[in-house]
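Single-structure report; data block below.
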Amino acid sequence: ERIKEELTKSGLVAKTIKKHISNVYKNSMHNMYILIKWLILSSIVGIIAGAMVTLFKYITNYVSTFRDNHSFMLFFLPIAGLIIVWTYRVLGLKKDPGINVIILSLREPDNKVPFRLTPLIMLAATLTHLCGGSVGRTGSALQIGGSVASGLSSLLNLDKNEKKILIMSGISAGFAAILGTPMSATIFSMEVVCVGNMHYSALVPCLFASLIAALYAKNLGIKPEGFNVQEIFEINLMHVFKIVILAIACALVSMLFCFCLHTFPKIYEKYIKNPYIRIVVGAIIIIILNLLLQTTDYRGLSGHLILKSIDGNIAPLSFIIKLLLTALTISCGFKGGEIMPSLIIGATLGCTLGSLLGISPSLCVALGMTGLFCGVTNCPITSILLSFELFGYTNVSYFLIVIAISYMMSGYNSLYREQTILHNKLNE
């Protein structure tokens with residue numbers, strides 16, 4: 001009886017072990033299927049979005065060079081504005097959805113992102129750059145990536161959660177292709193929708209879409225963004241005090257930038273109801289300001305201002321000028337991104353404060369760029385990774401200080417009105 005009882009127990013143990021192994025095998029096969037599925041889908045998104053954004057960057061590079069060699073193109077800005085408004089209205093986008101409709105689609109998957117947004121934003125942003133509107137390209141790249149991924153998800157008839165993840169991977173792909181920074185691009189789309197609630201289920205798709213898009217763009221000749229910051233700034237209380245001042249300034253300027261971007265459109269719309277007249281009036285204001293400035297530094301992307309800032313060769317109020325021109329350009333109806341202008345504003349702010357605080361220009365420019373980026377996007381983890389990719393790993397402690405304080409002190413302002421900040425920043 002005893003032997004029989006032991007054999008019975010052994011049989012039960014064997015069955016339990018066999019069942020456990022079977023469950024592990026089934027789970028492993030299921031996980032492998034999910035991994036392969038998302039590797040394939042994210043690769044497709046990375047290739048398509050990478051190709052579209054690379055084409056977009058080549059086109060805007062070409063028209064920017066043409067504009068720099070033909071300064072009279074500034075006077076065609078009103079005509080470009082009329083074409084932009086007419087095109088959007090003809091194609092059924094009277095109310096420009098922009099990047100906010102993509103963020104909204106991540107929070108509410110029933111909101112569709114129109115695929116025609118891709119050619120529209122490419123055309124409109126190109127016209128704006130050609131005629132000297134003070135805008136960037138990263139926001140446009142995010143729209144391209146998001147709309148491509150949304151169109152693919154509809155074509156494949158994915159469910160709501162899968163659609164959400166695919167759109168996030170599209171945003172990451174667009175970010176990575178335009179800047180060549182796949183680490184920060186991976187986290188950006190996971191962090192920007194709802195600050196404080198990271199969508200870790202999208203980690204693998206966003207990572208591979210970013211890597212593939214960045215490699216695709218690089219292999220087609222698009223050079224990744226990056227700046228040389230060699231100085232090693234010794235850590236002591238006085239230096240920390242100076243960096244804290246810089247961080248607070250970044251937070252305040254980021255609040256001003258977001259305020260202008262959200263307030264100027266309301267002023268335009270209040271006094272000028274007709275969108276055609278509104279964009280023409282806005283274009284005339286931009287032309288007059290550029291003529292008064294007697295420089296072409298603030299037309300288009302103005303990326304050279306970062307290099308001039310590193311050399312300490314900019315006017316003290318350059319950050320205010322770039323901020324106002326960007327806000328005026330976007331608010332009246334022209335298309336383009338706000339992220340690169342925010343980096344340029346941060347660079348020129350850093351240069352100005354660096355000379356006052358006695359910090360080396362290149363380091364202060366780098367700190368200003370990351371601090372302002374964090375202030376306007378509310379994405380501290382993305383900002384940390386972006387600082388690594390753009391400036392390397394020296395002076396890491398100071399980047400962390402600037403990013404942390406800028407995030408805390410910038411309040412609940414954002415470039416994106418559909419962004420949600422889940423937790424109180426001040427722990428009140």
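The values are calculated or read from the model by the stated rules, or taken from the named source; none is laboratory data. None of the values given here were measured: they were computed from a predicted structure. Ideal geometry is used to build each Cβ from the backbone, glycine not excepted, and the neighbour counts take in all protein chains shown. For accessibility, only protein heavy atoms count, side chains too; no ligands or nucleic acids. Shrake-Rupley method; radii C 1.70, N 1.55, O 1.52, S 1.80 Å.
Figures for the structure shown
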item	result
Failed item, numbered, when Thr370 is tested on (1) closer than 20 Å to Asn228 by Cβ; (2) of a type in the set (Ser, Thr, Tyr); (3) not in a helix (DSSP H, G or I)	(3)
The listed residue being at pLDDT below 90, surrounded by 11 or more Cβ atoms within 10 Å (Cβ to Cβ) and closer than 20 Å to Gly300 by Cα, out of Ile79, Ile99	Ile99
Number of the condition not met by Arg89 [criteria: (1) of a type in the set (Lys, Arg); (2) surrounded by 15 or more Cβ atoms within 10 Å (Cβ to Cβ); (3) over 20 Å from Phe175 (Cβ atoms)]	(2)
Checklist (1) at pLDDT below 90; (2) open to solvent by 10 Å² or more (accessible area, probe 1.4 Å); (3) not hydroxyl-bearing (Ser, Thr, Tyr) applied to Val193, failing item	(2)
Close pairs from segment 377-393: first open to solvent by less than 10 Å² (accessible area, probe 1.4 Å), partner part of a helix (DSSP H, G or I) and among the charged types (D, E, K, R), Cβ under 6 Å, at least 6 apart	Cys379/Glu191; Thr382/Glu191
Subset of segment 157-180 [farther than 18 Å from Met52 by Cβ and not in a helix (DSSP H, G or I)]	Asn157, Leu158, Asp159
Test: residue in segment 221-240 that is in contact (Cβ under 8 Å) with a residue 12 or more places away in the chain, hydrophobic (A, V, I, L, M, F, W, C) and assigned to a helix (DSSP H, G or I)	yes
Only listed residue being in contact (Cβ under 8 Å) with a residue 12 or more places away in the chain, of a type outside the set (Gly, Ala, Ser), outside any loop (DSSP other than H, G, I, E, B) and more than 23 Å from Glu225 (Cβ to Cβ), chosen from Leu77, Leu93, Leu142	Leu77
Unmet criterion (only one of (1) outside any loop (DSSP other than H, G, I, E, B); (2) open to solvent by 10 Å² or more (accessible area, probe 1.4 Å); (3) touching a Gly at 6+ places or on another chain (Cβ under 7 Å)) for Ile403	(2)
Hey, Ala124 under 12 Å from the mean Cα position of the chain (by Cα) and either within 30 Å of Asn69 (Cα to Cα) or surrounded by fewer than 24 Cβ atoms within 10 Å (Cβ to Cβ) (or both) or not	no
Search result, residues across segment 371-398 that are of a type in the set (Val, Ile, Thr) and closer than 23 Å to Arg417 by Cβ	Val376, Thr377, Ile381, Thr382
Residue among Ala80, Ala51 that alone is hydrophobic (A, V, I, L, M, F, W, C) and more than 11 Å from His129 (Cβ to Cβ)	Ala51
Hits in segment 406-428 (condition: under 19 Å from Val101 (Cα atoms) and either assigned to a loop (DSSP other than H, G, I, E, B) or touching a Gly at 6+ places or on another chain (Cβ under 6 Å) (or both))	Asn413, Ser414, Leu415, Tyr416, Arg417, Glu418, Gln419
